[in-house]
Structure formats: structure tokens, C-alpha cells
Amino acid sequence: MLPRIIKTGVATEDEIDINTLEDRLTEERKNSKATYISEIVFYAWARKIE
């Protein structure tokens, strides 16, 4: 997600401070009692039956 955040101008790499980001996000989520939905990715697995 980092490249998309920087590309869209939401934040700079320095503002994000990737080394402490996970800890800060976890702390913020705990303190706000908010619901957190991470990036949603869907996969499909298929097989052609012959």
C-alpha cells in the first residue's frame, strides 16, 4: 500500500515512517475502538475439467 499512498499524495514517505507505522496504527486502533478493515483482496482458484 505504501507506493499507492505516496503516489496519490496522501502522505510522504517521511510522514509514514514505515519503521514505526504498524505499532502506531495498532495503538491508534486500540485507543479509538474503531473497526479496521485492511486492504481487501479476493482470489479464485479454478480448474478446467475436460
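FYI, it's all coordinate maths here, none of it is from the lab. What you are looking at is a predicted structure, and each value in this text was computed from that prediction instead of being measured. Virtual Cβ from ideal backbone geometry, glycine too; neighbours counted across all protein chains shown.
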Whichever residue in the stretch 19-45 is in a helix (DSSP H, G or I) and among the aliphatic types (A, V, I, L, M) and, among such residues, is farthest from Leu2 (Cα to Cα):
Leu25
Answer residue from the stretch 1-24, given it is among the aliphatic types (A, V, I, L, M), surrounded by 10 or more Cβ atoms within 10 Å (Cβ to Cβ) and touching a helix residue (DSSP H, G or I) at 6+ places or on another chain (Cβ under 7 Å) and is farthest from Tyr36 (Cα to Cα) among those:
Ile6
